[in-house]
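The values are calculated or read from the model by the stated rules, or taken from the named source; none is laboratory data. The structure displayed is predicted, hence computed values, not measured ones. Positions of Cβ are backbone-derived with ideal geometry, glycine not excepted, and every protein chain shown enters the neighbour counts. Only protein heavy atoms, including side chains, enter the accessible area calculation; ligands, DNA and RNA are left aside. Shrake-Rupley method; radii C 1.70, N 1.55, O 1.52, S 1.80 Å.
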Amino acid sequence: MAKERDGSLNRRRPDHEDVRREAERRLDASGYHRSRVKEFAVGVPMPASLRYLAMQIEFAAEAICRLDRIPADFDSDLYWPKLDNVTTA
């Protein structure tokens, strides 16, 4: 990457698409999509905690996108909810 005169790196600022991709990555990693397909295919209900996590991830993504400047570390766990001790298989 090219350096600017002040010595800092010239990087592209994160945008809404970056945040949406991160939200989707976190949903995929949680097993949400797999559980949703299983629910439709064979009728095994999705755990309520997984539904709640998806709602929280969506809320976090919307909140981050509303910021005037999306933080460079928007993909940090600090900004996102996590699922604890739930079986998603």
Problem - Given charges at beta-carbon only (K, R positive; D, E negative), |dipole| of segment 40-89 in Debye - result: 180
Completion exercise
Over segment 19-89, with neighbouring protein chains present, the accessible area per residue in Å² at probe 1.4 Å is 67
Problem - segment 9-89, accessible surface, carbon-and-sulfur percent (1.4 angstrom probe) - result: 53
Exercise for the section: Pop a pseudo-label 7 angstrom from the Cα along the beta-carbon direction at both Val37 and His16 and give the gap in nm to one decimal. Expected result: 2.9
Completion exercise
Semi-axes (Å, rounded, descending) of the ellipsoid equivalent to segment 22-89 per its C-alpha gyration tensor are 26, 11, 9
Practice task
Taking the dipole about the Cα centre of segment 24-89, with the C-beta of Lys and Arg at +1 and of Asp and Glu at -1, give me whichever of Trp80, Ala60, Ser30 is farthest to the positive side.
Solution key: Ser30
